[in-house]
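To start, the structure under review is shown below, and the notes come after it.
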Amino acid sequence: MSNDFASFAAAWRGKRVAVIGAGISNLPLAELLLRAGARVTLRDKKSRGELGLFRGRPAADYMEEAGAVLCLGEGYLDALTEEVIFKSPGMRFDHPALAAAVASGARLTSEMSLFFSLCPAKIIGITGSDGKTTTTTLIAEILEAAGKKVFLGGNIGKPLLPEVFDMTPEDFSVVELSSFQLHIMRASPAVAVVTNLSPNHLDYHKDMAEYADAKANILRYQRPGDRAVLNYASEAVRSMAALTPAEVSFFSGCEMPGVKPKAPLTVYEKEGVIFYQDEAILSVADIRLPGRHNVENYMAAIGALYGTVPKEAFVTVAKSFGGVEHRLEWVRTLDGVKYYNSSIDSSPTRTIAALSAFGEQKLTLLMGGYDKHIPYDILGDPVCRSAKRVILTGATADAIERAIRASSLYREGAPALYRADDYGAAVRLARKLSLPGDIVLLTPASASFDAFKNFEERGRFFKAAVHALT
């Protein structure tokens, strides 16, 4: 499809389109389709007031004035007869209403699929269970340090579709992709990065196999000459190499018995230096971000960008980049106690990575949240090693406590276990219990949806609660 708006409008003018879900990516999608002359029905289970604001105005009013028909409330999927259906990322493709519409001839697609079909820029896509947001941000920062024009977005919180007609083939689009977005994708980026794979979102996916299969769509539709960057230490990720005709670069920050540097690894560490094949790229000591997991994130970024940017760009960013909001983010030091926000830690593996950044320091952990039906048993030992106390809240509090108590390292009171009604109460309790020199870390190991819209809102709530302490 041509990348000018006139051609886009010609293709969509008069089409009957359903946009399901009036969220952060689908509202701009509906607006763009309306501009193109499509006949858009915006469908959402929420009421008019619950849709919130868009472009500074009530979203329902804005969309109706732009020409959309609104179908809201419990019957929002009734009479789903449009020619093209754009589903929200959080709705399964096999929802009965969608399946019936497809059986009747409707075409099911998504905002991200449309973006891929229109984008003229070189797309670098990043997915994984952990580390994808930091890796996505690093790649964008390194490209910008090399003087490239970069569009950063996707699951990281910013839809890129509204900017697609401003892009050129010389630009780069760096896109974080969730399993929800990838589930029905039939296109892959020119450069695909898979950081790792561990149980996640099992409240949405039928099982781990389906979750992994959705992630693999980032590779399936690549072409010869494309690049795939895969974490060799993850067997599930390593096996994905068979799915792509692209050139595969393996990276790993783990010591793997029987695996010699350079074979089969493309990006690896040797004596404190990260290499790409035989070329020294970056000293680990130059990386400002704490934690071994961030060494791997830099390896992934080097695998994605080697040959595209000069080596100096990696070094510049490593020395200057202090991290992404809600990821081991220092919030405040009060009476000698440091408070850190790592609200992005929405799974046990994310929390384990966060804990590793603090070495031998014993921490006060604030944990718990929405239950995605993932196992928590792997949390027990790392929490017992790292925590002097744990304050639990939310739907997963019982599961996390069971994992801690089941650890062979657990002793009654070590770590001390507490409960709080919510994260506001947890912050106040942490303040009461902590002594000078302590570190308080928000690392939920759980999703946020029991109390917050997303992990960003949870992180902002935590920071506000910490700044309110006196």
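Give the range 213-256 a look and list any residue that's part of a loop (DSSP other than H, G, I, E, B) and among the polar types (S, T, N, Q), or say none.
222, 234, 244, 252
Apart from one condition, residue 92 fits all of (1) touching a Leu at 6+ places or on another chain (Cβ under 9 Å); (2) not in a loop (DSSP other than H, G, I, E, B); the exception is (2). Given the criteria surrounded by 20 or more Cβ atoms within 10 Å (Cβ to Cβ) and at positive phi, does residue 67 qualify? No; evaluated as a whole, the condition is false for this residue.
Residues in the range 423-441 that are out of contact with any strand residue (DSSP E or B) (no Cβ under 6 Å at 6 or more places or on another chain) and of a type in the set (D, E, K, R): 428, 431, 432.
May I ask you to verify whether residue 228 is closer than 30 Å to residue 121 by Cα, among the hydrophobic types (A, V, I, L, M, F, W, C), surrounded by fewer than 22 Cβ atoms within 10 Å (Cβ to Cβ) and at pLDDT 90 or above? Considered against the rule, which asks whether it is closer than 30 Å to residue 121 by Cα, among the hydrophobic types (A, V, I, L, M, F, W, C), surrounded by fewer than 22 Cβ atoms within 10 Å (Cβ to Cβ) and at pLDDT 90 or above, residue 228 comes out as no.
Note on the range 127-141: residues that are touching a Leu at 6+ places or on another chain (Cβ under 6 Å) and either of a type outside the set (Ser, Thr, Tyr) or within 18 Å of residue 110 (Cα to Cα) (or both) total 2.
Of (1) in a loop (DSSP other than H, G, I, E, B); (2) within 28 Å of the chain's Cα centre (by Cα), residue 97 satisfies all except one. Which? Every condition holds for residue 97 apart from (1). Quick check on my filter: what residues within the range 446-469 are within 12 Å of residue 332 (Cα to Cα) and either assigned to a loop (DSSP other than H, G, I, E, B) or within 16 Å of the chain's Cα centre (by Cα) (or both)? Across the range 446-469, the qualifying residues are 468, 469.
Among the strands (runs of 3 or more DSSP E) confined to the range 123-197, there are none with at least 3 residues that are within 22 Å of residue 352 (Cβ to Cβ), in contact with a strand residue (DSSP E or B) (Cβ under 7 Å, 6 or more places away or on another chain) and free of Cβ contacts under 8 Å to residues at least 40 places away in the same chain. Is the range 312-334 home to any residue that is of a type in the set (Asp, Glu), over 28 Å from residue 467 (Cα atoms) and outside the structural domain of residue 429 (by TED's automatic domain parsing)? Looking for residues that are of a type in the set (Asp, Glu), over 28 Å from residue 467 (Cα atoms) and outside the structural domain of residue 429 (by TED's automatic domain parsing), one finds at least one in the range 312-334, hence yes. Surrounded by fewer than 19 Cβ atoms within 10 Å (Cβ to Cβ) and over 22 Å from residue 350 (Cα atoms) - does that describe any residue in the range 450-466? Yes, the range 450-466 contains a residue that is surrounded by fewer than 19 Cβ atoms within 10 Å (Cβ to Cβ) and over 22 Å from residue 350 (Cα atoms).
Scanning the range 310-362 for residues that are in contact (Cβ under 8 Å) with a residue 40 or more places away in the chain, over 28 Å from residue 453 (Cα atoms) and crowded, with 19+ Cβ neighbours inside 10 Å yields 313, 314, 317, 337.
Take residue 150 and decide whether it is β-branched (Val, Ile, Thr) and surrounded by fewer than 24 Cβ atoms within 10 Å (Cβ to Cβ). Here the answer is yes, as residue 150 does meet what is asked. Cβ separations smaller than 8 Å between residues 6+ apart or across chains give the following pairs from the range 198-226 residues that are within 16 Å of residue 89 (Cβ to Cβ) to residues that are at pLDDT below 80 and of a type outside the set (Lys, Arg): 211/199; 211/200; 211/201; 211/202; 211/205; 214/205. Within the range 30-48, can one find any residue that is touching a Leu at 6+ places or on another chain (Cβ under 9 Å) and more than 23 Å from residue 101 (Cβ to Cβ)? Looking through the range 30-48, at least one residue is touching a Leu at 6+ places or on another chain (Cβ under 9 Å) and more than 23 Å from residue 101 (Cβ to Cβ).
For the range 406-424, the candidate set comprises residues that are under 15 Å from residue 393 (Cα atoms) and loosely packed, with under 15 Cβ neighbours inside 10 Å; within that set, the residue that is farthest from the chain's Cα centre (by Cα) is 416. The sole residue among 13, 39, 57 that is modelled with pLDDT of 95 or more and surrounded by fewer than 15 Cβ atoms within 10 Å (Cβ to Cβ) is 13.
The set of residues from the range 1-57 being in a loop (DSSP other than H, G, I, E, B) and among the hydrophobic types (A, V, I, L, M, F, W, C) comprises 1, 22, 24, 36, 38.
One line per residue, one yes/no per condition, for (1) within 18 Å of the chain's Cα centre (by Cα); (2) closer than 29 Å to residue 429 by Cα:
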residue: 276; (1), (2): no, no
residue: 281; (1), (2): no, no
residue: 313; (1), (2): no, no
residue: 344; (1), (2): yes, yes
residue: 362; (1), (2): no, yes
residue: 365; (1), (2): no, yes
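The values are calculated or read from the model by the stated rules, or taken from the named source; none is laboratory data. From a predicted model like this one, the values you see are computed outputs, not experimental measurements. FYI the Cβ positions are ideal-geometry reconstructions off the backbone, even for glycines, and counts take in every protein chain you see.
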